Amino acid sequence: MSAPWSRPPGSATLMHVAILCKDVDESLRFYRDGLGFAKTYEWSKTTSDTGQVLYCDRGVYVELDGHTYIELFPGGRDDVTSISGPLQHIALIVADVDEAYTKCLSAGGAAFPIEDWDGAPTQVFINGEPEMEVRVAFVRGPGGELIELYQQLSPVVAVDRTAAAAGASA
């Protein structure tokens, strides 16, 4: 039996993805102007409850939705970026991949080619059960991070594995 996926009560959810940036302001501009996110919080020191300094430098939260953020830190380097393939990336749901791709490129991002594909917006069919259709593009952010721009074109239908396992053990 298939059912739409929902997060079980009390389960963990994503809070943030941290990125080391060569230039925090450049990355902040990219996420704000290219993807429409907002800077919601900035800090320069983190201390423990005993007063121990745990972190002392700039940190910025860029809010994606609700309590989900991209966390920007200084310290990125030109020689350290995501791996050369698309498997290590951040996937961001956008309303229109083509528009987001154009905005990202004009805000300092770069196209990210994968083998024979230039990374520009394209329709993708994922051969699960049932088949799923999405539109995606890949860009590299100013900090070297690889970003998949993701537009869902057909519903995600997942098997409720908890119910299936309970039925199988009965």
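Pick from segment 18-36 the residues that are part of a helix (DSSP H, G or I) and of a type in the set (Asp, Glu): which of them is nearest to the chain's Cα centre (by Cα)? Quick ask: steps written out before the conclusion?
Within segment 18-36, the first condition is being part of a helix (DSSP H, G or I), and the residues that meet it are 24-34.
Still in the running and of a type in the set (Asp, Glu): 25-26, 33.
On the way: Asp25: 19, Glu26: 18, Asp33: 16 Å.
The extreme case among them is Asp33.
Can you find even one residue in segment 144-151 that is of a type outside the set (Lys, Arg) and modelled with pLDDT under 70? Quick ask: steps written out before the conclusion?
Restricting attention to segment 144-151, the residues satisfying the condition of being of a type outside the set (Lys, Arg) are 144-151.
With the extra rule that they be modelled with pLDDT under 70, the set shrinks to none.
So far as segment 144-151 goes, no, none of its residues is of a type outside the set (Lys, Arg) and modelled with pLDDT under 70.
Each row is one residue, and each column tells you yes or no for (1) over 19 Å from Ile147 (Cβ atoms); (2) out of contact with any Ser or Thr (no Cβ under 9 Å at 6 or more places or on another chain); (3) at pLDDT below 85.
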site	(1), (2), (3)
Leu14	no, no, yes
Cys21	no, no, no
Leu28	no, yes, no
Asp57	yes, no, no
Gly66	yes, yes, yes
Ile70	no, no, no
Phe73	no, yes, no
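Looking at segment 36-50, is at least one residue at pLDDT 80 or above, of a type outside the set (Gly, Ala, Ser) and closer than 14 Å to Arg140 by Cα? Please lay out each step first, then the result.
Our first condition is that a residue be at pLDDT 80 or above; within segment 36-50, this holds for 36-45.
Now narrow it down to the ones that are of a type outside the set (Gly, Ala, Ser): 37, 39-43, 45.
Going one step further and asking which of them are closer than 14 Å to Arg140 by Cα, we end up with none.
No, that holds for no residue.
Given the conditions (1) more than 22 Å from Lys22 (Cβ to Cβ); (2) among the aliphatic types (A, V, I, L, M); (3) touching a Cys at 6+ places or on another chain (Cβ under 8 Å), and given that Val94 satisfies all but one, which numbered condition is not satisfied?
Only one criterion in (1) more than 22 Å from Lys22 (Cβ to Cβ); (2) among the aliphatic types (A, V, I, L, M); (3) touching a Cys at 6+ places or on another chain (Cβ under 8 Å) is unmet by Val94, namely (3).
Those residues that are surrounded by 11 or more Cβ atoms within 10 Å (Cβ to Cβ), part of a loop (DSSP other than H, G, I, E, B) and either in contact with a Leu (Cβ under 9 Å, 6 or more places away or on another chain) or aliphatic (A, V, I, L, M) (or both), I need them from segment 37-66; list them, please.
Scanning segment 37-66 gives Phe37, Lys45, Arg58.
Name the single residue, out of those in segment 75-89 being open to solvent by 70 Å² or more (accessible area, probe 1.4 Å) and under 14 Å from the mean Cα position of the chain (by Cα), that is modelled with the lowest pLDDT.
Only one residue tops the list, namely Leu87.
Tell me which residues, restricted to segment 13-42, are closer than 20 Å to Ala111 by Cβ and aromatic (Phe, Trp, Tyr).
Phe30, Tyr31
Of everything in segment 90-112 that's in contact with a strand residue (DSSP E or B) (Cβ under 8 Å, 6 or more places away or on another chain) and part of a loop (DSSP other than H, G, I, E, B), which residue is surrounded by the most Cβ atoms within 10 Å (Cβ to Cβ)?
That would be Gly109.
Quick check on Gly128: is it under 22 Å from Leu64 (Cβ atoms) and of a type in the set (Gly, Ala, Ser)? Before the answer, list the steps.
Working: under 22 Å from Leu64 (Cβ atoms): no; of a type in the set (Gly, Ala, Ser): yes.
For Gly128, the condition - under 22 Å from Leu64 (Cβ atoms) and of a type in the set (Gly, Ala, Ser) - is not met.
The values are calculated or read from the model by the stated rules, or taken from the named source; none is laboratory data. Not measured: the values here are computed from a predicted model. All Cβ positions, glycine included, derive from the backbone under ideal geometry; neighbour counts span all protein chains shown. Accessible surface is based on the protein model in full, side chains and every heavy atom, while ligands, DNA and RNA are left aside. Shrake-Rupley method; radii C 1.70, N 1.55, O 1.52, S 1.80 Å.
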